[in-house]
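S.K.: Here it is: the structure, laid out below.
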Amino acid sequence: AQKITQTQPGMFVQEKEAVTLDCTYDTSDPSYGLFWYKQPSSGEMIFLIYQGSYDQQNATEGRYSLNFQKARKSANLVISASQLGDSAMYFCALNTGRRALTFGSGTRLQVQP
Amino acid sequence: DTEVTQTPKHLVMGMTNKKSLKCEQHMGHRAMYWYKQKAKKPPELMFVYSYEKLSINESVPSRFSPECPNSSLLNLHLHALQPEDSALYLCASSQRDGADGYEQYFGPGTRLTVT
């Protein structure tokens, strides 16, 4: 069985500050992938960043970076220099050999001017 | 082009109606997915098609019937739905299935209301 946990239902951050969204996971599969998606109020799921279980380096994509701590089974998303347009729901998701994504419950981020 | 399109954007249907949701991608992806998302909840997997064959059905009621006519198209046929089926239906595609880092690209979704 696989499980994804996001313990922060909501987060506030000031514009231009950095914010960390927490994600922990549990799987017995040695090969897996961790994804972060952003969902604005319009509904579309937007892919942000990916980390593979065998990747040695933490993934980065522009202002997004993934703090991957394999021993702790955590894959936190760090957004640097927050912008008003970053206000959205953020989902962490796990993909194992089962071939589909299991999503966490999500964190609603609100960026304040 | 990383676009997945879905039609219609909104759909209101009665419990006795038959309707279909359509999803299309032209990225050459060979895996396509249907997810259901209730308000304030994460998406839940319904079906996976891999190389145009149904590979995963997450015990979805038979009133939902998926179809993959070709590698670019995915349909979801709806019949005799219940009000609790009202949700956002998301389609996604990826290069292939598997845990090899193939991110899924999502469409904008169809907001379905069953009256």
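S.K.: Describe numerically, in nm with one decimal, the distance between label points set 7 Å from Cα along Cα→Cβ at residue A:5 and at residue A:110.
M.R.: 2.6 nm
S.K.: Could I ask something else about it? How many nm separate the modelled label positions at residue B:53 and residue B:65, each set 7 Å beyond the Cα in the direction of the Cβ?
M.R.: 2.2 nm
S.K.: Compute the separation of the alpha-carbon centres of the range B:66-115 and the range B:1-57 and state it in Å as a whole number.
M.R.: Using only Cα atoms, the two centres lie 1 Å from each other.
S.K.: Using only Cα atoms, what Kirkwood radius does the protein assembly as shown have, in angstroms?
M.R.: This gives a value of 18.1 Å.
S.K.: Each residue of the range A:8-13 in turn: what ³J(HN,Hα) in whole Hz from Karplus with 6.51, -1.76, 1.60 and θ = phi - 60°, glycine and Pro shown as x?
M.R.: Computed from phi, the couplings for the range A:8-13 are 10, x, x, 9, 10, 8 Hz.
S.K.: Let me know the mean shielding of A:100-111 by other chains, meaning the per-residue number of their Cβ atoms within 10 Å of its Cβ. Before the final figure, lay out each step's value.
M.R.: Numbers: counts 15, 9, 4, 7, 1, 3, 4, 0, 1, 0, 0, 0.
Taking all residues of A:100-111 together, the mean is 4.
S.K.: Which of the lysines could a cross-linker span from residue A:73 if the Cα-Cα distance has to be under 26 Å and same-chain partners fewer than 8 positions apart are dropped?
M.R.: Cross-link targets: A:3, A:38, B:40, B:41.
S.K.: Averaged per residue, what accessible area in Å² does the protein assembly as shown show with a 1.4 Å probe, protein chains only?
M.R.: 48 Å²
S.K.: Same structure, new question: Please grab the % of Cα pairs in the range A:1-104 that end up more than 16 Å from each other. Intermediate values should be presented prior to the final figure.
M.R.: Numbers: 2956 of 5356 pairs.
That tail contains 55 percent of the Cα-Cα pairs.
S.K.: Tell me, rounded to the nearest percent, the portion of alpha carbon pairs in chain B spaced more than 16 Å apart.
M.R.: For chain B, the fraction of Cα-Cα distances above 16 Å is 56 percent.
S.K.: Here is a follow-up. Average partner chain C-beta neighbours within 10 Å, per residue of B:86-97?
M.R.: Shielding by partners across B:86-97 averages 2.
S.K.: Ok, one more. Applying 1/(1 + (r/R0)^6) with R0 = 35 Å to the Cβ-Cβ distance of residue A:57 and residue B:38, what FRET efficiency is obtained, to the nearest 0.05? Kindly include the intermediate steps, with their values, before the conclusion.
M.R.: On the way: r = 37 Å, r/R0 = 1.04.
The pair residue A:57/residue B:38 has a calculated efficiency of 0.45.
S.K.: When DSSP assigns beta bridges and you keep just the ones with both residues in the protein assembly as shown, what percent turn out antiparallel, to the nearest 5?
M.R.: For the protein assembly as shown, the DSSP antiparallel bridge percentage is about 90.
S.K.: Check which residues have an amide H placed less than 5 Å from residue B:46's amide H, if you skip close sequence neighbours.
M.R.: Close amide H contacts, sequence-distant or interchain: B:34, B:35, B:36.
S.K.: Heavy atoms only, probe 1.4 angstrom, no DNA, RNA or ligands counted: give me B:89, A:54, B:49 ranked by accessible area, highest first.
M.R.: The ranking, largest first, comes out as A:54, B:49, B:89.
S.K.: Modelling each spin label as a point 7 Å along the Cα-to-Cβ direction, I'd like the residue A:78/residue B:82 distance in nm, to one decimal.
M.R.: 4.7 nm
S.K.: Moving on to the next point. Averaged over its residues, how many other protein chain Cβ atoms are within 10 Å of peptide B:46-54's Cβ atoms?
M.R.: 1
S.K.: Give the cross-link partners of residue B:19 among the lysines, using a straight C-alpha distance below 24 Å as the criterion and excluding same-chain residues fewer than 8 apart.
M.R.: Here the lysines satisfying the reach criterion relative to residue B:19 are B:9, B:36, B:38, B:53.
The values are calculated or read from the model by the stated rules, or taken from the named source; none is laboratory data. Keep in mind that this is a model prediction, so the values were computed, not measured. So basically every Cβ, Gly included, is an ideal-geometry build from the backbone, and we count neighbours across all protein chains shown. Quick note on the areas: whole protein, heavy atoms, side chains included, nothing else; ligands and nucleic acids left out. Shrake-Rupley method; radii C 1.70, N 1.55, O 1.52, S 1.80 Å.
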